[in-house]
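Peer 1: The structure's right below; bear with me while I get my questions together.
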Amino acid sequence: MHRSAPRLSRILACAAVPVMLVAVGCSSDSGSDGKKNAGSSSSGSPSAKPSKPTVEAAKFADLPDPCASVTKKTIKDLVPEAKKKGGTAGRSNDLSARSSCSWNGLDDKGVKGSQYRWLDVGFTRFDSDQALGSGAERATAEYAKQVTKAKATEGAEKVAAEPTAGIGEEATLITYGLSKTDEDFAYATVVARTGNVVVALTYNGAGYAGAKTPSSGDIVKGAEKAAKEAVAAVADTADAKTTAPAKGDATDGPKDSTNDTATGGDSDSDSDSDDPKSKPKTKTS
């Protein structure tokens, strides 16, 4: 009886206090305190942090030879009497990321006048990067920039831009006129994206010594034909190449020289100018 006295006293004491206090202080005779119970209810292993999603691998790991990206037959048709049949390659510190080539020539018909033509093709490729995004996303941003740049060509007149089908995953045709060297030039630029590569091709022409300016329709037709070949060359080159992994994966892809300008851009080029200031003199007899 003496040993049960403390227990009886405790029960009587709990009965004299409010219900809420009873729940806290008098719930058990097990000897467990509140801290211990709280700790047991929240026990367990901490949940693992979700892994960062891996960025989509770049589709193309290399670029074609820009001077071979347009067929010789097309060059002959579009640029008669080209100064360099094989084209003039632009300078680049990484040909797997950025490259270009151009052709120009004056088809001299003597007293019938002369026709000048200029063709340029440029490629910009983007690797996938965990911090910057997939190669396709980065190329899409560059594609939009180059379309905007073409539309804002200094001195351009009657600028028009519209989507054009059948050239890469997306393409825009920009046409305009430009007056220089006292002649009227007709221009057509096709900017296209295929996977993580942007292709920008410009074709223009002018008539000299009384020859007519080429029609916009003919210039557009030539530009679109050459652009299709350039885009196809990207896929042809990839047939023998491996897919470029995202940077930070097991194997880094080739260096992206577009880091020079953060998002890519024009290459530092030695390509011939489209301004025929040094054109041959037209024959008069």
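The values are calculated or read from the model by the stated rules, or taken from the named source; none is laboratory data. Everything numeric in this text was worked out from a predicted model, so none of it was measured. Neighbour counts run over all protein chains shown; Cβ positions are idealised from the backbone, glycine included.
Peer 1: Test each condition in (1) assigned to a helix (DSSP H, G or I); (2) touching a helix residue (DSSP H, G or I) at 6+ places or on another chain (Cβ under 6 Å) for residue 231 and report the one that comes out false.
Peer 2: With respect to (1) assigned to a helix (DSSP H, G or I); (2) touching a helix residue (DSSP H, G or I) at 6+ places or on another chain (Cβ under 6 Å), residue 231 is out only on (2).
Peer 1: List every residue pair whose Cβ atoms sit under 6 Å apart, with the two residues 6 or more apart in sequence or on different chains, where the first one lies in the stretch 198-216 and is within 25 Å of residue 228 (Cα to Cα) and the second, anywhere, is assigned to a strand (DSSP E or B) and acidic (Asp, Glu).
Peer 2: 202/120; 206/183; 213/184
Peer 1: Can you give me the number of residues within the stretch 99-133 that are in contact with a helix residue (DSSP H, G or I) (Cβ under 9 Å, 6 or more places away or on another chain) and more than 19 Å from residue 224 (Cα to Cα)?
Peer 2: Matching residues across the stretch 99-133 total 8.
Peer 1: List every residue pair whose Cβ atoms sit under 8 Å apart, with the two residues 6 or more apart in sequence or on different chains, where the first one lies in the stretch 155-167 and is closer than 15 Å to residue 199 by Cβ and touching a residue at least 24 places away in the same chain (Cβ under 8 Å) and the second, anywhere, is of a type in the set (Val, Ile, Thr) and surrounded by 10 or more Cβ atoms within 10 Å (Cβ to Cβ).
Peer 2: Between residues of the stretch 155-167 that are closer than 15 Å to residue 199 by Cβ and touching a residue at least 24 places away in the same chain (Cβ under 8 Å) and residues that are of a type in the set (Val, Ile, Thr) and surrounded by 10 or more Cβ atoms within 10 Å (Cβ to Cβ), the close pairs are 164/172; 164/190; 167/190; 167/231.
Peer 1: From the set of residues in the stretch 71-120 that are assigned to a strand (DSSP E or B) and either surrounded by fewer than 19 Cβ atoms within 10 Å (Cβ to Cβ) or of a type in the set (S, T, N, Q) (or both), which is farthest from the chain's Cα centre (by Cα)? Steps first, answer last, please.
Peer 2: Step one: filter the stretch 71-120 for residues assigned to a strand (DSSP E or B), giving 82, 88-89, 98-108, 114-120.
Still in the running and either surrounded by fewer than 19 Cβ atoms within 10 Å (Cβ to Cβ) or of a type in the set (S, T, N, Q) (or both): 88, 99-100, 102, 104, 107, 114-115.
Values: 88: 24, 99: 14, 100: 16, 102: 21, 104: 28, 107: 36, 114: 38, 115: 35 Å.
Top of the filtered list is 114.
Peer 1: Every residue in the stretch 121-137 that is buried (at least 24 other Cβ atoms within 10 Å of the Cβ) and in a strand (DSSP E or B), please.
Peer 2: Result: 121, 122, 123, 124, 125.
Peer 1: Same structure, new question: Of the residues 153, 175, 189, 194, which single one is farther than 15 Å from residue 227 by Cα and hydroxyl-bearing (Ser, Thr, Tyr)?
Peer 2: 153
For every residue, the table says whether it meets (1) part of a strand (DSSP E or B); (2) in contact with a helix residue (DSSP H, G or I) (Cβ under 6 Å, 6 or more places away or on another chain); (3) of a type in the set (A, V, I, L, M, F, W, C); (4) not assigned by TED's automatic domain parsing to the domain that holds residue 124.
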site: 139; (1), (2), (3), (4): no, no, yes, no
site: 145; (1), (2), (3), (4): no, no, no, no
site: 154; (1), (2), (3), (4): no, no, no, no
site: 166; (1), (2), (3), (4): no, no, no, no
site: 177; (1), (2), (3), (4): yes, no, no, no
site: 186; (1), (2), (3), (4): yes, yes, yes, no
site: 189; (1), (2), (3), (4): yes, yes, no, no
